[in-house]
1. Using modelled amide H (1.01 Å from N, peptide plane; none on Pro or chain starts), what sits under 5 Å from the amide H of HIS16, excluding residues fewer than 5 places away?
2. Given the peptides 289-299, 73-83, arrange them by the average over their residues of other C-beta atoms within 10 Å, most packed first.
3. Helix-only mean residue ellipticity at 222 nm, the chain, DSSP H runs n ≥ 4 weighted -39,500 (n - 2.57), per residue, nearest 500. What is it?
4. If you take every residue apart from HIS415 with its C-beta less than 12 Å away from the C-beta of HIS415, what net charge results, scoring Lys and Arg +1 and Asp and Glu -1?
5. Residues with beta-carbon under 10 Å from that of THR80, excluding THR80: net charge, scoring Lys, Arg +1 and Asp, Glu -1?
6. Where q = 0.06 Å⁻¹, what log10 of I(q)/I(0) comes from the Debye formula for the chain, counting one point per Cα?
7. What is the diffusion coefficient of segment 113-227 in µm²/s, taking the Kirkwood radius over Cα pairs and the Stokes-Einstein relation at 25 °C with a viscosity of 0.890 mPa s?
8. Please compute, for the alpha-carbon atoms of segment 219-291, the extent along each of the three principal axes and give them in descending order in Å.
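No lab work stands behind these numbers, since they all come straight from the coordinates. Source: prediction; values computed, not measured. Cβ placement follows ideal geometry from the backbone for every residue including glycine, while neighbour counts extend to all protein chains displayed.
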Amino acid sequence: MLQRKITLQEAEIPTHWYNIMADMPNKPLPPLHPGTQQPIGPEDLAPLFPMELIKQEVSAEKWIEIPDEVRNLYSLWRPTPMFRAYNLEKALGTKSKIYYKYEGGSPAGSHKPNTAIPQAYYNRKEGVKKIATETGAGQWGSALSFACKLLGIECEVFMVRVSYDGKPYRKIMMNTWGATVHASPSNLTNAGRSILEKDANSPGSLGIAISEAVEVAATHDDTKYSLGSVLNHVLMHQTIIGLESLKQMEKAGDYPDIVVAPFGGGSNFAGIAFPFLQNNLTGGKKIRAIAVEPTSCPKLTRGVFRYDFGDTVGMTPLIPMYTLGHNFIPSPIHAGGLRYHGAGAIVSQLLKDDIIEAVAINQTECFDAGLLFSGAEGIIPAPEATHAIAEVIRQAKRADEEGISKTILFNLCGHGHFDLSAYEQYLSGKLVDYEVSQADINASLAELNTPAI
């Protein structure tokens, strides 16, 4: 295991994660057992997760201490920088101030190692030999492969086929860190085979890949499962982003009126927004927190709030969430990390209580924003990150139209170096928008036989 001396930068890394559950006016409903549909207990989750992560999943403690070994590994790239986007402001001609927290400097190139490292750490502490997981565009799979390599654990990744085929360098990155990677749906699991029997050319989805990874973990005693978003403990680990941001904004002598982040399952958005929402819930602040999803997978803006499975086959616990239905297969947009049918329980409850906001944006507008940002600030953003940039531009223009100035902070969650084929399609005019029809949403929701809320 990599050992590093305590450095000045490590001393600046937060010592605790923030658990927003402690401050929420309405706690999320409990997850239900997929078979009995009764509230689950720790013993129900034990086949999939190490006990320490199960404790964090149900914890109502406000602050959870970050183990020294995890902070030591975080110091490979944390704290991450925050920048004021002066050149973007100039390009827009806006009076508003725009800041971004840049998570693309991690070894895996995104924010995902913030939870991959602690998840691998807690698994290793319990003697787990292998972790199975899923990945969409490859950011999460890369992050967990990296974490498992550092902590001496095997890693098996089921990668959504449309990304597996379209982003081969992500797969190679995972292989370089020692992970085994399969295109999902695959013939290796009952879940994958059942999907392929219905559609031999299925592009896959995160829900399908989750089913395959969960099946592998549930049927092998030496293997646990790891999820890169949605779950409470995952969102909590990511709050290190917002906690650092609070300190950095304080050093800048500023504070945001609006916090923006892309939204797939919730880790990106929660990571930067939750620590600021703490000040809304307990400190009298009134920032707006906006989650930005693709129009092709609009669970927050057009889904329903009810219990649903986190995977396609129905192996995971039932989670109270905004969902498009666990059978929903999103269009093959390039923001693969946002192609997920449901939202985490905490984020769903916050939206239901009008504590946060959500918008959906087409991918061409997002790539327009990404190109503008890369020309102004020099960083080519991941397709997921362009969703936040597009909403930031909307908010800045709206403020200018109203004759006011806003301070806007967003999470630039990763770079787009492995997504250049998407930019090639955009630049050649081949990129098209996918906006799911209401008929398709209704058809997916009609298949749900899960408990209503």
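1. Under 5 Å from the amide H of HIS16: ILE66.
2. My ranking of the peptides, most packed first, is 289-299, 73-83.
3. Calculated mean residue ellipticity at 222 nm is -12500 deg cm²/dmol.
4. Taking every Cβ under 12 Å from that of HIS415, the sum is -4.
5. Net of charged neighbours comes to 0.
6. Scattering profile of the chain, log10 relative to I(0): -0.22.
7. For the chosen part, D equals 179 µm²/s.
8. On the principal axes, segment 219-291 reaches 52, 22, 21 Å in Cα extent.
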